[in-house]
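Report on the structure given below.
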Amino acid sequence: MKTEIHPLTDERAVTFTHPSGLTVCVLEKPLHTYYALLGTGFGSIHREVKIDGVRYRLPDGTAHFLEHKLFDQPDGSDAFTRFAAIGADANAFTTYLSTACLFDCTERFNQALEILLRFVTASHFTDETVAKELPIIGEEIAADRDSPAETLYNDILKALYQKHPVRQPILGSRSSIARLTPELLTTVHRAFYHPARLTLCVAGRISAEEVAQICDRVFPDPLPPPPTVELLPTREPAAVCKARTVRRWNVTQPTVAFGIKLLPAPDEDIPRTAAALEVLGCLLFGESSALSHQLYREGTISGSLSFEATVNHSFGHLIVFANTDHPEETLAALRSALADFDNAAPEDFLACRRMELGDLFRSLDSTEEFASDYLAHRMEGSNLFAYADALSALTPADLTALADRLKDPTHSAEALILPKT
Amino acid sequence: MTKSISASLPEVVPNQVRLTQQVRLCYLPMEHCKGNYLSLRFLLPLGEMTSTCALLPYVLSRGSNEYPDIDAIDRAADLLYGAEISPMVGSEGEWQVIGFSASFLADRMAPDGCEILDGVLHLLSSLLLSPRTEGATLLPEYVESEKVKLCDRLRSLKDNPDLYAIKRSEELMCAGESYALYERGEESQVAAVTPEALTGAWQNLLSTAPLCITYAGDCALERLKPLLLSRFGRLTATPAPLPPTEVIRQAKGELRRFTEKLPTGQCQLIIGLRSGSVIGDEDHAAFSLLYAMLSSAPTARLFTKVREERSLCYSCSALSDSHKGILLITCGLRRERLQEAEDAIFDQLRALARGDFTDEEFESAKRWLMGRYPILEDSPIALAGWYFSRSPLGLAESPRTEAERIRRVTRADVMHAAGRLSPDTVYTLLDRSRTRKEVSHEN
């Protein structure tokens, strides 16, 4: 067992690999709530895969569909019911990079963790259960398509990326998920939900030793090795797919997105780049940035700017969002802010770095946020504590260097949703 | 074996302190937290001033004498390790709640010794008590600008069909009651607010309305109290008692039906019921458990029976206002499923009233619900919210006390609570391809 004590956050993490191959991270917190996630590095972008040497082109939305079906039990019930019976609340989510099943509870943690480990690693897919799920996820897709925010987000990703599967919605489409079969789901499950491909992250009043004992009970015997898996990368060009995309929609106010693609280098220091991207985003396009205030004051935007910064070993981007009655002026201002950036003023830099640190420290009060962020960083090839250290050590020169990487105008795109005329 | 945490962690014991006649402090010691939370909330009856007062926190948060604009305010907050200072507009029953909230890092976590709490209080008092003015009037530029933005937000409610449907169903169900007034204001009334009227509302607020300060965090009361008095001790008015929320325990007359249309891809069905139970009632715990069995517990029938087993809709859950005594069941679905979903929902309500549920379902929902109360002690914001919502009624039971009440609820209590639900209104928001405001009343 490896214990990492992190003075800056006043937290510690114990990690170990269970004999089953399961990676375990335990974050001890003196709180009422236990939170546990069991995640796999299989997300919506993993469409081209080789499993035991056989190449598969998975339908869009496979990871999300599989996430839903994990809860089915052989007796026709679902795992939610088993958690519920002991007072635990279960859920699951799928991201571009990973899928995780989770629960929270205030007691009977050991039982709940056993249920989680058992149901996620077992599979039960039939024609009937797959068919039953199609309309449910179909409605979820419809709800997303009803949302201007989701639609704008999907539009900007499609504009930014030429080939990378991040340009497809995590849920896929009604037609793509209709191609899923019990056999394909079983193959994918065997490959990505073997304990050796899973990471368990637990936060609460429990020790690593106790968690190890529970893992021993669930996986008492040596397991056969998992199928070999190769995630086939997509070669994404540096230039964007489409510089501008416009959609007419039933909205009362236009919304715009300005995106900049940042393809990671093979040896990218992910925590450091992620910290720099977050602080640069905050400084240029954050809610309290000078630009956001200026545009708000002028009446160019409603509310404030917001942004999403993400970078991992597969893809990276900075996307800025605004609600505005003046979309062209807003987008021009966003483009100029990046093009004109040279050096961060010392107080601006200090304010943004303190803000990011404060947000991160406060999030550690929640077992849910702590465990979720810890797992998310691992799935992105990063580490939460390394990210905190990178934030703390960041300098204005780091921002200048990163901004220089982003300034190429062929790396940026914009998406607009305008009211129907 | 893991131990029962509720027994092993000490309970957070609130300390209610009257700082002045007008200002009360609810102090919640939470030493283990890295984050602190503080709210300044004024309570006002919903009424003719609601739209004006809904605008006030937004205008006050635009600038003060010391922090003249948003740039200066945000810069100060960011330097306080990203303190989140937010204007608040909400409601508890038929009381409008306006003010500010602040979430911020505990002083002990600042690597450079920054005095965050003191800085936050300084900033909040500046915004509330010394706003930017032109002469004696709140700065007209800020007033006009915030009016436009609030009107935009109110108009854009239609972009979120689920939220819009809830608002409309409440308005229609509670027509003639103060509750029908939207606490965030009505567009036409907000547009008519003048800087002078808003200034009057601000002065009236400071001179008549009770201010509830809730603090949850690691600062000792002995240090906090003088800090608060130095910032807010000048508020010394004797507030008038607030009128109680009008509670209608039984729906009057036949079930009312309303239908509207919006150009969306999904329909919204809202069933409005009078719950017959409000916070502070002896048997309110039974309603809380009924609500869990219906909507919030993992075994909740709206999810497991209506959505999962019958695949009738994408979403199905309930909202309750425990001050007002109403329960709204909301459902996002396709048009052709409307009747079937409505029937299925009423079937579930009748089944609960008949006692058509297993001991296992009852016990698991009870266990789940009891487990939700200690969780409040994990979060400064959640615990502050718990105590604040009870304070206007003079209630101060802890979450653990409520959990004990839940423990004593019987099957018969839940059946009785379900039997008391009286359907009042069915509201349907239909999808369609073009917008035309249309209300039909189908009695």
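Laboratory data are not the source of any read-out in this text; all were calculated from the coordinates shown. Note that the structure is a prediction, hence the values are computed from the model and not measured. Every residue, glycine among them, receives a Cβ derived from its backbone with ideal geometry; neighbour counts consider all protein chains shown.
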Nearest-20 debye value, chain A charge dipole, Cβ charges on Lys, Arg, Asp, Glu: 1180 debye
Could you tally the net charge around A:Ala344, taking each other residue with its Cβ under 12 Å from the Cβ of A:Ala344, Lys/Arg +1 and Asp/Glu -1? -3
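What FRET efficiency comes out for A:Glu230 versus A:Thr421 if R0 is 60 angstrom and r is the Cβ-Cβ distance? Round to the nearest 0.05.
Efficiency at R0 = 60 Å is approximately 0.75.
What FRET efficiency would be calculated for the residue pair B:Asn204, A:Lys50, taking the C-beta separation as r and a Förster radius of 60 Å, to the nearest 0.05?
The computed FRET efficiency comes out at 0.25.
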For region B:331-338, 3J(HN,Hα) per residue [Karplus equation, 6.51 cos²θ - 1.76 cosθ + 1.60, θ = phi - 60°, Hz, x = Gly/Pro]: 8, x, 7, 7, 4, 5, 9, 4
Just how large is the dipole of chain B about the Cα centre, in debye to the nearest 20, putting +1 at every Lys and Arg Cβ and -1 at every Asp and Glu Cβ? 660 debye
Any residue on another chain or 5+ positions along whose placed amide H is under 5 Å from the amide H of B:Thr20 is listed here as none
Built amide H within the under 5 Å cut-off of B:Val426, gap 5+: B:Arg256, B:Arg257, B:Phe258, B:Gly272
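Assigning unit charges at the beta carbon (Lys, Arg +1; Asp, Glu -1) and nothing else, what dipole magnitude in debye, to the nearest 20, does the protein assembly as shown show about its Cα centre?
The calculated dipole for the protein assembly as shown is roughly 1420 debye.
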Suppose R0 equals 22 Å. What FRET efficiency, 1/(1 + (r/R0)^6) with r the Cβ-Cβ distance, do B:Glu196 and B:Thr236 give to the nearest 0.05? 0.30
Here the net charge surrounding A:Phe42, from other residues whose Cβ is less than 12 Å away from its Cβ (Lys, Arg +1; Asp, Glu -1), is +2
Taking square-rooted eigenvalues a ≥ b ≥ c of the alpha carbon gyration tensor, is chain B rounded, prolate or oblate, where a/c under 1.5 means rounded and, failing that, a/b exceeding b/c means prolate? oblate
Calculate the mean, over all residues of peptide B:76-89, of how many other protein chain Cβ atoms lie within 10 angstrom of the residue's Cβ. 5
Estimated inter-spin distance, B:Asn65 and A:Glu308, nm [label 7 Å along Cα→Cβ]: 4.5 nm
Arranged from highest to lowest average of other beta-carbon atoms within 10 Å per residue, in what order do the peptides B:415-421, A:341-347 appear? B:415-421, A:341-347
For chain A, the charge dipole (Cβ of Lys, Arg +1; Cβ of Asp, Glu -1; about the Cα centre) points to a positive end, and the Cα of A:Thr400, A:Leu116, A:Ser98 closest to that extreme belongs to A:Ser98
Whole-Hz couplings from phi, Karplus 6.51/-1.76/1.60, listed for region B:97-110; x for Gly and Pro: 10, 10, x, 9, 10, 9, 10, 7, 6, 5, 3, 5, 8, 6
For peptide A:86-92, compute the average count of partner chain beta-carbon atoms within 10 Å of each residue's beta-carbon. 4
Mind jotting down the distance between the C-alpha centroids of region A:348-365 and region A:41-82, whole Å? 36 Å
Is the shape of the protein assembly as shown rounded, prolate or oblate, going by the alpha carbon gyration tensor and its root eigenvalues a ≥ b ≥ c, with a/c under 1.5 for rounded and a/b larger than b/c for prolate? rounded
Mean residue ellipticity (222 nm) of chain A, computed from DSSP H runs ≥ 4 via -39,500 (n - 2.57), nearest 500: -13000 deg cm²/dmol
Gyration tensor verdict on region A:2-231 (Cα atoms; rounded if a/c is under 1.5, prolate if a/b is larger than b/c, oblate otherwise): prolate
Do any of B:Lys149/B:Lys305; A:Lys163/B:Lys167; A:Lys158/A:Lys420 go past 32 Å between their Cα atoms, and which? B:Lys149/B:Lys305; A:Lys163/B:Lys167
Going through region B:184-272, which trypsin sites (Lys or Arg not before Pro) have at most 12 other Cβ atoms within 10 Å and a DSSP loop state? B:Lys252
Who wins for biggest fluctuation among A:His189, A:His64, A:His293 in a Gaussian network model of chain A, springs between alpha carbons below 10 Å? A:His293
Under the definition of partner shielding as Cβ atoms of other protein chains within 10 Å of a residue Cβ, what is the mean value for peptide A:288-298? 4
Between the alpha carbon centres of region A:402-416 and region B:283-332 the gap in Å comes to 46 Å
